[in-house]
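For reference, the structure discussed in these notes is given below.
Read-outs throughout are calculated quantities, based only on the coordinates presented, and are distinct from any laboratory measurement. All figures in this text were calculated on a predicted structure; none of them were measured in a lab. Every residue, glycine as well, gets a Cβ built from its backbone with ideal geometry; the counts of neighbours run over all protein chains shown.
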Amino acid sequence: MTLLALYPSKKNMKENIGQKFKYEETSMFGPEYRPNGDMTVCNRPHMTGLGREWFGQVTLKDDIIVKVK
């Protein structure tokens, strides 16, 4: 599963490096979010109402965005 990243585009998420990561859980089996490490994320506009659909990978350290691919 992937987390919903609450950013309209991957470029916008890259512009927020150094900021706290904004997300929404998608799993009904318990939280998937981890405050440290790599996670696969996406934006689904029909769910978030933001921008267009995209997928990416974000690296976090203590809830802060460090890297976006």
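Observations, loosely collected:
- Table column - 3J(HN,Hα) (Hz), the stretch 23-40, Karplus curve with 6.51, -1.76, 1.60, x for Gly and Pro: 8, 9, 5, 10, 8, 8, 9, x, x, 9, 5, 10, x, 9, x, 9, 9, 7
- Between Lys22 and Gln57, the FRET efficiency from the beta-carbon distance, with R0 = 22 Å, is close to 0.85.
- Which of Phe21, Phe29 has the fewest Cβ neighbours within 10 Å, and the rest in rising order: Phe29, Phe21
- Here the residues Tyr23, Tyr33, ranked from fewest to most Cβ neighbours within 10 Å of their Cβ, fall in the order Tyr33, Tyr23.
- Rounded to the nearest whole Hz, the Karplus-based 3J(HN,Hα) values (6.51 cos²θ - 1.76 cosθ + 1.60, θ = phi - 60°) of the stretch 48-65 follow the sequence 9, x, 10, x, 10, 6, 7, 10, x, 10, 10, 10, 10, 9, 6, 6, 9, 5, with x at glycine and proline.
- Helix-only arithmetic for the chain: the sum of -39500 (n - 2.57) across DSSP H runs with n ≥ 4, divided by the residue total, places the mean residue ellipticity at 222 nm at -3000 deg cm²/dmol.
- Segment Met47-Leu6, extension gain: residue separation times 0.36 nm, minus the distance between their alpha carbons: 13.8 nm
- Applying 0.36 nm per residue to the separation of Glu15 and Ile64 and subtracting their alpha-carbon distance, the gain on full extension is 16.4 nm.
- Rg(Cα)/(2.2 N^0.38 Å) for the chain, N = residue count: 1.00
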